Amino acid sequence: MNCLFFLDSQCYYVSWLRKTEWHAVASWTWDAQDETCGICRMPFDGCCPDCKLPGDDCPLIWGACNHSFHLHCILKWVNSQTSQAHCPMCRREWQFKE
């Protein structure tokens, strides 16, 4: 029998406790405080690198995973992927949020 825990250099056992498998679960959420594009790192209230002047039409686009990007940035990213397009932040398959 293995030690369950040590306290003051003493090994303690619990006879009725049995180790079983466990599975870790992780989740990610979009931080609403983040105000920059995850691809170009430019502020959302400014323009992306493809827009020459502030005020050019560069809307924000959300994915099904809730990550947001400038329209030009995510389109360039999706088109540059040779196989399935994935979100650059969480690597899930990219789908535009409806």
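Brief remarks on what is shown
- Scanning segment 1-45 for residues that are at pLDDT 75 or above and closer than 20 Å to residue 88 by Cβ returns 35, 36, 37, 38, 39, 40, 41, 42, 43, 44.
- In segment 50-65, residue farthest from residue 92 (Cα to Cα) [restricted to those that are surrounded by 15 or more Cβ atoms within 10 Å (Cβ to Cβ) and modelled with pLDDT under 90]: 51
- Residues located in segment 69-98, provided they are touching a Gly at 6+ places or on another chain (Cβ under 9 Å) and either surrounded by 13 or more Cβ atoms within 10 Å (Cβ to Cβ) or assigned to a strand (DSSP E or B) (or both): 69, 73, 74, 87, 88, 89, 90, 92, 94, 96
- Any hit, segment 80-98, residues being at pLDDT below 85 and of a type in the set (Val, Ile, Thr): yes
The values are calculated or read from the model by the stated rules, or taken from the named source; none is laboratory data. Here the structure is a predicted model, which is why all the values come from computation and not from measurement. Glycine gets a Cβ as well: all are built from the backbone with ideal geometry, and neighbour counts include every protein chain shown.
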